[in-house]
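Structure first, then comments.
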RNA sequence: GCCGAUGUGGCGAAAUGGCAGACGCAACGGACUUAAAAUCCGUUGGGCCGUAAAAGGCCCGUGCCGGUUCGAGUCCGGCCAUCGGCACCA
C-alpha cells in the first residue's frame, strides 16, 4: 500500500476514509459471489471428447496463455494483461458456440526459482509451492475463466514423468536426412547409432557460469553474461547432453510460413536460425620446405565454408579457429609455442572478451601453408579467434579484398590483398563486399557475382574440391544443467555408456536433497545423493538435470488431457484440441472471424524479400499447420521457448504422436506495461503496481477493463491509477444505469427499464455497438471496443426509458470484459422480468444487422482545393450529379468559386465533394 | 554496424487515402452541498479575426525534409529520435 502514496494520497493519509468510503458500486460483494458460483458450478470446465456433457457438434477453440513462472514477488500488473485478453476471447468464443480450451498452469522448474530458494534459505520445493499458491490466489481474484481442473505444474512428478518420456522419444530417434523426419533409432542402418541420436552426449567447450555453477545454452547467454543474474560466462570443455535441433533447422525455418505470427517474431526466428547459402571448399595443406612438416601433413585438407565462392581467387590466407582439431597437426615446430600460448589465452577468454571487447583482431601464424585450389598459390595458415569453432567448418579462407573482417586482419598482419570483384559503381574495390563483376578470376572472369557463384561452385564440384552447401547459425541445444531444481534424466551409465531407462521406471524422481546448492565444480548436486545415484552394482544414474525450458516445451499438449496416466496426451483429446479432426467445422464457423488484421503493404514487401527459392514445401503440408488457435505472451520468448517447443513438437509429430506439425497457429505478443513514471517496473525503482491493491480499490472488472483500455494490446504503455479510476467510473455508470438507490439506501433495479421496443435511434446505437465490439474482439482491439460501450452508456444514461432488450444485449457485450458486474445485473433483470432468459454465460452472442446501421441522411463535406469549406445534409440516395450540383449551388462555396474556372470535381459518394479551381 | 518496431493535444489514445484528436484522464467553469467527496452539465490542439456576448470565419498543426494525389497521420524516397533484437556467423 505504501508504494501508492503518491498516486492516492488521501486514501493513505486518512486510512479510515477508505473503508468508510462508499464504493461506486458494490464490487466487493459481487466479485467473490460470482467467482464462488463459477467455481461451484464448474462453469468453465471443458469436457474432452467422450466425457460427460461433451458436445461434438461445437467447433473447438484453444486459447492459451504463456503459463507463468511463479516467482516469490507475486503477480504484477504486467502478467494479467495477456491473461485478460485471452479471457475475453475465451468468454466471447463460448458465447459464440465454441468448445473453448482455456487452461492455466505453472512453469516452476529452473534457475530463478532455485536462486530465490537459495536466497531465502528454503528448499525450492517449499518456495515453489508457496509461490504457486500466491499466484493462484491472485489470478482467481481477477475472475479468469480458466478450467482449473486442467491445472498443471511442471515440477509435479505426474507431469515430468512425461517430460522424461518425451526426452526418451528424442533419445531413441534419429533424423533421417532422406525423409527429413525423425525416425525410431531402430531404422538407422549405420554402425554407431549413438552418433546420430537426436539426444546425444558431447564433450566440447560450453558456456560455463561459475557464479550459477552450471552450463548455459547459447540462448541463455546475453552479452557474455548469464541471462539470469547477469554473471560472467566462460568457455570450458565439459561432457554435456545435447539435442540435435540443427537437424530441424530447415523445417523450423520453412514451416514458419504458414503461421499467423507477427512478422517481427518470425524474422527473429529466421535470423536466429541464420541460414546461408554458399560452398564448402577443400584446401590442401602444403608441404613445408623448412618448416619441419612431416610428409603426411601434405595429406591434410582444410575445409572452409564461404558464402562467396566467387572470391576464391582473392583468398590470400586461411584462418583456423583456435579450437580447430587440425591446428595441432599442421603447426610448425617453430611456431608451436606461440600458437599454444594463443590458444590457451583464447580458451580463457570469456565470451564478452572474445566478442565485444575484441575490436582489434588478434591471431598467430601456424608456420604452415595451404594451396588455393583454384590457382595453386601457397597461402599462409593462421589461427585467430575471430573465426568461431561452432560455425561452418571452423575454418575460413581469408579474402581481405572483399570482406571487412578479413581486411582488418590482413592489414594488421600485412597479408596480401587481391581485388577480384569489380564494383558496378565507383566504390573502392578494396573492401567491397557487394555484388559486382568477377575480375582476375580466369574461371569466372567477367561474370556478375551471382552467376560467378553458380559457375565456380560447379567448377569446384567437377574438380572434386568441394560442393555447394547451406549453413545455419543455429547450434545444437545444450540440454543439461548442473543444478538441483530440474527434471532428472531418465538415463543410466554402465561401463562408460549411456542407456535409457524403461518407460515403466518413469518418473525418475529427484532425491529430496537438503544440500541442493550447486557444487561449484561442475559436478551436479544430484551426485551428492549417493544412494540415489547407485542404480545397480554396475550402473549409475545420470546426475545432470534438464533446463528450465523442458517443461514448457510441451505443456500446451498436456493441457489437452492433463489427468492421463497412460499417455502424455490421449490421442483423441490431442486430435480434437490441437485441431486434427475439427478443422472443417472450425473453418466454417470461423470464416473471416479470427483472421489477423490485414497486414500493411510494407509488411508484405518485407516478407517477400525472404529468399524462398530454396524453400522445399511438402505438398501435404497444411495451410494452417498449428494446433493452438490463439497463443498470447511476451516477446521475450520469441526465440527460446517458441523455437524449442516447435522443435519438440516436430519430433513428436514425426514419430506419429501428434496430428499437426506446428504447435501454435496464431501468436500475439502483449506489450510491456511500464510504471507510472514511464520506466520499466522494478523493485529498485519502487514503481511496481500490484493487482491486489487495484482490485481492493476498484474491483476486478475495473482492473480487467483498464488493462484493456490502456491501449493496443501489443504496445508498450505506462500504467495510470487515474486511468483505472476513469474505467471504474464507467462501470459505476453501467451499474447506475440499471440500478437506483432507494430511500433506505439499498440498490434496486431502475424503474426506467421497461420491456418495450427501442426507438430507431436506440436500435441503431445498439447494433452499431454490437458490430464494433464483435469486430474489435476478433481483432483484439479491446481498447476501442470499450470506447464504443462507453458511448453506448453515455447515450442511454440520458434516456427516460431503457428498453429491456437493448440492456440485455449490452450486458452480453460487456460480459467478457466485466463478467462479475454483468452477471449480477443480468441476474437482477431475470429476477424482475422473469422472461426465462437463463444465465448470462449461457447466452448466445448477439448478431447485428448492417441494414439498421445505414443513415438515411448523411452529412457531406464540401471541399475547395482539398480544404473543407462547408458541409451539407443530403439523402443517402443522392447521386454524384446531385451532390455536385448542390455543392456548386451552395452560396458559401460560391464565395470560393466566384470568378474562377472549375477544373475538376471529385465526388466520394456519401462522403464529400471536392471542387478544384 | 545490421535488422525490426514506434513517433499524433498537458497525458493514455482514435482515425477503409476523404471533417485529425473518437473514447478516457487531467485541467477549467457551473449545478447539487453548510462544506467537501461522489454525481451531473459545459469548455478544453495552437494562433488570429469577429461580436456587448454569442453565432460565425480564417491560418497553422500528426518527429524533420521532399514526392505522388483533387485530397496524405495514412502511400513513396531521404533524414532524425526512442525502444527492441542480432552482433567477428565467413
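Overview of results
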read-out: Which numbered condition residue A:209 misses (of (1) over 26 Å from residue A:649 (Cβ atoms); (2) surrounded by fewer than 20 Cβ atoms within 10 Å (Cβ to Cβ)); value: (2)
read-out: Any hit, the range A:152-171, residues being in contact with a helix residue (DSSP H, G or I) (Cβ under 6 Å, 6 or more places away or on another chain) and over 25 Å from residue A:541 (Cα atoms); value: yes
read-out: From the options A:747, A:735, residue that is touching a strand residue (DSSP E or B) at 6+ places or on another chain (Cβ under 6 Å) and within 14 Å of RNA strand B (Cβ to nearest atom); value: A:747
read-out: Residue within the range A:403-419 that is touching a strand residue (DSSP E or B) at 6+ places or on another chain (Cβ under 7 Å), in a helix (DSSP H, G or I) and away from RNA strand B (no atom under 11 Å from the Cβ) present; value: yes
read-out: Options A:227, A:263: the member that is within 13 Å of RNA strand B (Cβ to nearest atom), farther than 25 Å from residue A:654 by Cα, in contact with a helix residue (DSSP H, G or I) (Cβ under 7 Å, 6 or more places away or on another chain) and touching a residue at least 60 places away in the same chain (Cβ under 8 Å); value: A:263
read-out: Filter result for residue A:850 (more than 28 Å from residue A:707 (Cβ to Cβ) and either crowded, with 19+ Cβ neighbours inside 10 Å or out of contact with any helix residue (DSSP H, G or I) (no Cβ under 7 Å at 6 or more places or on another chain) (or both)); value: yes
read-out: Subset of the range A:322-335 (residues that are in contact with a strand residue (DSSP E or B) (Cβ under 8 Å, 6 or more places away or on another chain) and either away from RNA strand B (no atom under 16 Å from the Cβ) or modelled with pLDDT of 95 or more (or both)); value: A:330, A:331, A:332, A:333, A:334, A:335
read-out: Enumerated strands (runs of 3 or more DSSP E) restricted to the range A:123-216, each holding at least 1 residues that are more than 26 Å from the chain's Cα centre (by Cα) and at pLDDT below 95; value: A:199-209
read-out: Checklist (1) within 35 Å of the chain's Cα centre (by Cα); (2) modelled with pLDDT of 95 or more applied to residue A:547, failing item; value: (2)
read-out: Odd one out for residue A:346 among (1) buried (at least 20 other Cβ atoms within 10 Å of the Cβ); (2) more than 25 Å from residue A:299 (Cβ to Cβ); (3) at pLDDT below 95; (4) in contact with a helix residue (DSSP H, G or I) (Cβ under 6 Å, 6 or more places away or on another chain); value: (4)
read-out: Given (1) within 30 Å of residue A:649 (Cα to Cα); (2) touching a helix residue (DSSP H, G or I) at 6+ places or on another chain (Cβ under 9 Å); (3) at pLDDT 90 or above, index of the condition residue A:281 fails; value: (1)
read-out: Checking residue A:257 against (1) surrounded by fewer than 18 Cβ atoms within 10 Å (Cβ to Cβ); (2) in the same structural domain as residue A:312 (by TED's automatic domain parsing), the condition it does not meet; value: (2)
read-out: Residue check, residue A:729 in the same structural domain as residue A:816 (by TED's automatic domain parsing) and more than 25 Å from residue A:853 (Cα to Cα); value: no
read-out: Residue match in the range A:778-786 (condition: in contact (Cβ under 8 Å) with a residue 24 or more places away in the chain and under 26 Å from residue A:831 (Cβ atoms)); value: no
read-out: Meets criteria (surrounded by fewer than 18 Cβ atoms within 10 Å (Cβ to Cβ) and either more than 15 Å from RNA strand B (Cβ to nearest atom) or within 35 Å of the chain's Cα centre (by Cα) (or both)) for residue A:798; value: no
read-out: Filter pass, residue A:273 being within 18 Å of the chain's Cα centre (by Cα), within 11 Å of RNA strand B (Cβ to nearest atom) and modelled with pLDDT of 95 or more; value: yes
read-out: Single unsatisfied condition, residue A:496 versus (1) touching a strand residue (DSSP E or B) at 6+ places or on another chain (Cβ under 6 Å); (2) farther than 30 Å from residue A:663 by Cα; (3) free of Cβ contacts under 8 Å to residues at least 60 places away in the same chain; value: (1)
read-out: Residue in the range A:510-518 that is away from RNA strand B (no atom under 16 Å from the Cβ) and either in a strand (DSSP E or B) or under 22 Å from residue A:201 (Cα atoms) (or both) present; value: yes
read-out: Residue list for the range A:630-655, restricted to those being within 16 Å of RNA strand B (Cβ to nearest atom) and without any contact (Cβ under 8 Å) to a residue 24 or more places away in the chain; value: A:636
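The values are calculated or read from the model by the stated rules, or taken from the named source; none is laboratory data. Values in this document were obtained by computation on a predicted structure and should not be read as measured data. Neighbour counts are summed over all protein chains in view; Cβ atoms, including those assigned to glycine, are modelled from backbone coordinates with ideal geometry.
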